[in-house]
Amino acid sequence: QVQLLESGGGLVQAGDSLRLSCATSGPTFRTMAWFRQAPGKEREFVARITGNDLSTSYADSVKGRFTISRDNAKNTVYLQMNSLKPEDTAVYYCAARNYPTTPYDWGQGTQVTVSS
């Protein structure tokens, strides 16, 4: 079974930056993504990066502030989060899937808390 292990969460102040990491044991062609879930809300898409051409997509709420990247040699995907806002507070989940029609595999999540 593919494993996904997130790290890098924490408590920061508004305007600060954090970088999340996700180490995976899966193949490097997989699309990797970050989702988040705030208390009382549904899990939502944050960012995605494909395995081969490294194309990216972002939720409108994080465009221009967050950057997703990957290092296939290390089998790790990153989420650089800048200009953090209190509304970015959530558990952030790493996810991976082989193809657009297959379900995601999920990590356990890492907490990000942004204080005002």
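The values are calculated or read from the model by the stated rules, or taken from the named source; none is laboratory data. Just so you know, these numbers come straight off a predicted model, no measurement behind them. Using ideal geometry, Cβ is built from the backbone for each residue, glycine included, and neighbour counts are taken over all protein chains shown. These accessible areas exclude ligands, DNA and RNA; they are computed on the full protein's heavy atoms, side chains included. Shrake-Rupley method; radii C 1.70, N 1.55, O 1.52, S 1.80 Å.
Residues whose amide H comes within less than 5 Å of that of Thr31, counting only those at least five positions distant or on another chain, are Gly51, Arg97 (H built at 1.01 Å from N in the peptide plane). Once every Cα of the chain carries one equal point scatterer and solvent is ignored, give the base-10 log of I(q)/I(0) from the Debye formula at q = 0.17, 0.22 Å⁻¹, two decimals. Log-scaled intensity ratios, in q order: -0.75, -1.25. What the Cα convex hull of the range 1-59 gives, in volume per residue, is 118 Å³.
Annotation: amide H of Thr89 within the under-5 Å range of Val114, sequence separation 5 or more or interchain, hydrogens built in the peptide plane.
Measuring nothing but protein heavy atoms, the accessible surface of the range 58-116 at 1.4 Å probe radius is 48 percent carbon and sulfur. Stokes-Einstein diffusion of the range 23-84 at 37 °C, 0.692 mPa s viscosity, Kirkwood radius from Cα pairs, rounded to a whole number: 267 µm²/s. Residues within the reach of a label modelled at Thr113 (point 7 angstrom out along Cα to beta-carbon, backbone nitrogen below 18 Å), restricted to the range 68-100, are 84-93. Rolling a 1.4 angstrom probe over the protein heavy atoms with all chains in place gives the range 1-100 an accessible area of 52 Å² per residue.
Among the trypsin sites (Lys or Arg not before Pro) within the range 56-116, those in coil by DSSP and having at most 13 neighbouring Cβ atoms inside 10 Å are Lys63, Lys74. The order of the peptides 5-11, 86-92, 100-106 by mean Cβ neighbours within 10 Å, most packed first, is 86-92, 5-11, 100-106.
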